[in-house]
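Have a look at the structure below before the remarks.
The values are calculated or read from the model by the stated rules, or taken from the named source; none is laboratory data. What you are looking at is a predicted structure, and each value in this text was computed from that prediction instead of being measured. Every residue, glycine as well, gets a Cβ built from its backbone with ideal geometry; the counts of neighbours run over all protein chains shown. We work out accessible area using only protein heavy atoms, side chains counted, and drop any ligands, DNA or RNA first. Shrake-Rupley method; radii C 1.70, N 1.55, O 1.52, S 1.80 Å.
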Amino acid sequence: MEQETKFIHAGVQPDTATGAIMTPIYQTSTFVQDSIGVHKGYAYARTSNPTRAALEKNLAAIENGSYGACFGSGLAAIDCVLKLLKPGDEVIANDDLYGGTYRLFTSVYAKYGIKFHFVDLAEPKNILKYCNDNTKLIWIETPTNPLLNIVDIKGLSMLVKDLETLLVVDNTFATPYLQRPLDLGADIVMHSATKYLGGHSDVVMGALICKDETLANNIYKIQNSVGAIPGPMDCFLVLRGIKTLHLRMERHCENAKEIAAFLQQHPKVDQVYWPGLESHANHAIAKKQMSDFGGMLSFSLIVNQKEAAENVVKNVKVFALAESLGGVESLIGHPATMTHAAIPKEEREKLGIVDSLIRLSIGIEHVNDLIADLALALES
Ligand SMILES: Cc1ncc(COP(=O)(O)O)c(C=O)c1O
């Protein structure tokens with residue numbers, strides 16, 4: 001099946017009891033057994049639930065994987081991956097990560113004896129300096145949050161293919177409509193399904209997808225043992241969201257392209273970060289591994305001050321000032337004080353997350369209204 005058809009049909013079947021075309025929300029904690037251990041495939045809803053199972057199958061199919069596992073949030077999914085490790089193991093991650101991922105690594109897992117290296121992976125071979133026998137996990141986000149840097153997934157996977165390490169890609173920003181990391185050599189794809197997969201800012205959820213059966217069984221074991229699972233209502237919402245992923249992503253990308261062009265010529269704007277721009281440092285790799293460039297965009301101001309950024313974010317009317325991204329409505333945020341506040345100022349500025357940096361999650365409204373809104377806010 002083509003991606004668009006999979007988004008709508010993969011993993012879902014009309015309900016056998018009623019014929020309902022939409023997967024029912026099985027709001028139940030347990031399932032009656034015919035006799036001890038004899039049941040219809042479901043025993044207790046932490047372990048498995050039919051609504052969640054349909055979503056997990058759908059996710060596996062749309063990422064070209066074989067197994068999907070859902071979690072109560074994106075961070076709970078990342079937490080599951082880290083629980084595959086043991087003290088003494090080392091992790092290499094790109095240095096421009098979602099702040100919450102960085103916080104989980106450095107403030108929760110570092111104290112359990114796991115060592116983290118944060119490396120600029122714009123040039124994949126930078127990784128080699130940090131690889132050793134203890135390297136068990138390579139964590140990459142591409143495009144990155146908030147600077148939209150791109151990591152060459154295939155290039156990196158070739159470099160580390162002889163190491164006994166897992167390559168995990170956070171595919172939240174690109175979604176499987178624009179990029180499929182498992183096809184490029186990744187072992188696990190991770191999602192904050194809270195974002196584009198859900199797509200309507202009404203659910204918090206995470207997911208992992210992989211191809212290898214042993215790896216999947218280890219993930220399911222942690223999922224069941226820890227219990228950080230989503231409820232069936234949330235699974236229903238994400239299943240429904242995915243059905244329109246392709247249509248939404250197309251409009252997100254079209255709008256982002258026009259907004260990037262508008263911002264690039266604006267006299268008050270300094271840098272514009274969007275991988276579709278030819279001026280973007282990793283444009284060539286983005287073009288190779290993605291089918292379009294996504295709806296996330298960041299920009300900095302000529303007056304590089306927090307107050308200048310604050311002035312813009314408080315004067316928009318169509319964009320809403322809020323954390324998160326990937327919904328149908330446009331959001332604006334200030335990474336230095338919001339999503340990336342967990343990263344020390346010095347580190348943050350070295351990466352380019354300066355005080356005037358503004359991040360946009362471009363929605364699917366009419367682009368003229370979005371541009372007019374930004375134009376007015378920038379004038380203020
Ligand atoms: C790229 C990325 N990964 C992971 C997460 C964490 O996901 P969640 O908020 O669903 O826990 C986020 C949240 O913003 C994110 O942007």
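Taking residues in the range 61-76 that are among the β-branched types (Val, Ile, Thr), and partners anywhere that are surrounded by fewer than 23 Cβ atoms within 10 Å (Cβ to Cβ) and not in a helix (DSSP H, G or I), the pairs with Cβ atoms closer than 7 Å and at least 6 places apart or on different chains are ILE62/ALA10.
Would you point out which residue out of ILE188, ILE153 is more than 11 Å from the ligand (Cβ to nearest atom), open to solvent by less than 10 Å² (accessible area, probe 1.4 Å) and under 27 Å from LEU277 (Cα atoms)?
Details: ILE188 fails: under 27 Å from LEU277 (Cα atoms).
Exactly one of ILE188, ILE153 is more than 11 Å from the ligand (Cβ to nearest atom), open to solvent by less than 10 Å² (accessible area, probe 1.4 Å) and under 27 Å from LEU277 (Cα atoms), namely ILE153.
Report yes if LEU263 is in contact with a helix residue (DSSP H, G or I) (Cβ under 6 Å, 6 or more places away or on another chain) and surrounded by 15 or more Cβ atoms within 10 Å (Cβ to Cβ), otherwise no. For LEU263, the condition - in contact with a helix residue (DSSP H, G or I) (Cβ under 6 Å, 6 or more places away or on another chain) and surrounded by 15 or more Cβ atoms within 10 Å (Cβ to Cβ) - is not met. Checked against (1) acidic (Asp, Glu); (2) farther than 29 Å from LEU104 by Cα; (3) within 16 Å of the ligand (Cβ to nearest atom), ASP292 meets all criteria but (3).
Against the criterion of being closer than 24 Å to LEU182 by Cβ, within 16 Å of the ligand (Cβ to nearest atom) and among the polar types (S, T, N, Q), ASN58 does not qualify. Scanning the range 296-321 for residues that are touching a helix residue (DSSP H, G or I) at 6+ places or on another chain (Cβ under 9 Å) and open to solvent by less than 60 Å² (accessible area, probe 1.4 Å) turns up MET296, LEU297, PHE299, SER300, LEU301, ASN311, VAL312, VAL313, ASN315, VAL316, PHE319.
When the residues of the range 161-183 are filtered to those that are surrounded by 20 or more Cβ atoms within 10 Å (Cβ to Cβ) and among the aliphatic types (A, V, I, L, M), the one that is farthest from GLY295 (Cα to Cα) is LEU166.
Please tell me if SER324 is under 22 Å from LEU370 (Cα atoms), open to solvent by 20 Å² or more (accessible area, probe 1.4 Å), of a type outside the set (D, E, K, R) and within 14 Å of the ligand (Cβ to nearest atom).
yes
Scanning the range 30-46 for residues that are more than 17 Å from ALA69 (Cα to Cα), open to solvent by 60 Å² or more (accessible area, probe 1.4 Å) and assigned to a loop (DSSP other than H, G, I, E, B) yields VAL32, GLN33, ASP34, ILE36, HIS39, LYS40. Given the condition β-branched (Val, Ile, Thr), more than 12 Å from the ligand (Cβ to nearest atom) and in a loop (DSSP other than H, G, I, E, B), answer yes or no: does some residue in the range 163-173 qualify? Yes, the range 163-173 contains a residue that is β-branched (Val, Ile, Thr), more than 12 Å from the ligand (Cβ to nearest atom) and in a loop (DSSP other than H, G, I, E, B). Among the residues of the range 93-108, none qualifies, meaning not one is outside any helix (DSSP H, G or I), within 16 Å of the chain's Cα centre (by Cα) and over 21 Å from ALA342 (Cα atoms). Taken as a whole, the condition of being open to solvent by less than 10 Å² (accessible area, probe 1.4 Å) and away from the ligand (no atom under 16 Å from the Cβ) applies to CYS210.
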